[in-house]
1. Checking G120 against (1) more than 16 Å from the chain's Cα centre (by Cα); (2) on the phi > 0 side of the Ramachandran plot, only one condition comes out false. Which one?
2. Residues that are in contact (Cβ under 8 Å) with a residue 12 or more places away in the chain and loosely packed, with under 15 Cβ neighbours inside 10 Å: does segment 49-56 have at least one?
3. I'm checking my understanding of the structure. Among residues of segment 1-48 that are hydroxyl-bearing (S, T, Y) and surrounded by fewer than 17 Cβ atoms within 10 Å (Cβ to Cβ), which one is farthest from E119 (Cα to Cα)?
4. Could you check how many residues of segment 86-110 are closer than 20 Å to I31 by Cα, small (G, A, S) and without any contact (Cβ under 8 Å) to a residue 60 or more places away in the chain?
5. Six or more apart or on different chains, Cβ atoms under 7 Å: show the pairs whose first residue is in segment 61-78 and free of Cβ contacts under 8 Å to residues at least 60 places away in the same chain and whose second is surrounded by 11 or more Cβ atoms within 10 Å (Cβ to Cβ) and among the acidic types (D, E).
6. Of the residues N79, N39, N105, which single one is more than 17 Å from A13 (Cβ to Cβ) and assigned to a helix (DSSP H, G or I)?
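What follows is calculated from the coordinates using simple rules that are stated; it is not laboratory data. No experiment lies behind these values; they were computed from the predicted model shown. Heads up, the Cβs are rebuilt from the backbone with ideal geometry, glycines too, and the neighbour counts pull from every protein chain shown.
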Amino acid sequence: MGNIKVFFFDTYALYELIEGNPNYKPYTKNIGIITTKLNLMELHYGLFLKYGKEIADNYYDKLIDYTIQINDNIIKKANEFRVSFKKRKLSYVDCIGYIIARSRNVKFLTGDKEFEDLEGVEFVK
């Protein structure tokens, strides 16, 4: 059994994994997942629209154990980060995820082009 590498999965990464994007296959074995309930909310919404309530609920329930709490300090730092990159029009949820990843020294896994050139990002399209 190899070492487990932990990543913060943003909504984009979770969705691509579920959709079977082959570029995300390396993130299916020996990987630790962290995310937030806000990311699951976005994922649930997208899956609900495309596949219906049952599938959306199923994935939400499967992933809930990988969520972590968002504390006040993370919220403040995420807003500071968002302001510093205002021209990129980053979402609140993505900024929170990025700051959580940075604070835990794990890579922020995403295919969102707005994060491609940032430190600590594992960019996969």
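1. Going through the list (1) more than 16 Å from the chain's Cα centre (by Cα); (2) on the phi > 0 side of the Ramachandran plot, G120 breaks only (1).
2. Here is the first cut: in segment 49-56, the residues in contact (Cβ under 8 Å) with a residue 12 or more places away in the chain are 56.
Of the ones still in play, those that are also loosely packed, with under 15 Cβ neighbours inside 10 Å are none.
Taking every residue of segment 49-56 in turn, none turns out to be in contact (Cβ under 8 Å) with a residue 12 or more places away in the chain and loosely packed, with under 15 Cβ neighbours inside 10 Å.
3. The initial filter retains those residues of segment 1-48 that are hydroxyl-bearing (S, T, Y), namely 11-12, 15, 24, 27-28, 35-36, 45.
Among the residues that remain, those that are also surrounded by fewer than 17 Cβ atoms within 10 Å (Cβ to Cβ) are: 28, 45.
Details: T28: 23, Y45: 29 Å.
Out of the qualifying residues, it is Y45.
4. Residues that pass the stated criteria total 1.
5. Every condition considered, no pair remains.
6. Details: N39 fails: more than 17 Å from A13 (Cβ to Cβ); N105 fails: assigned to a helix (DSSP H, G or I).
Just a single option satisfies the conditions, and that option is N79.
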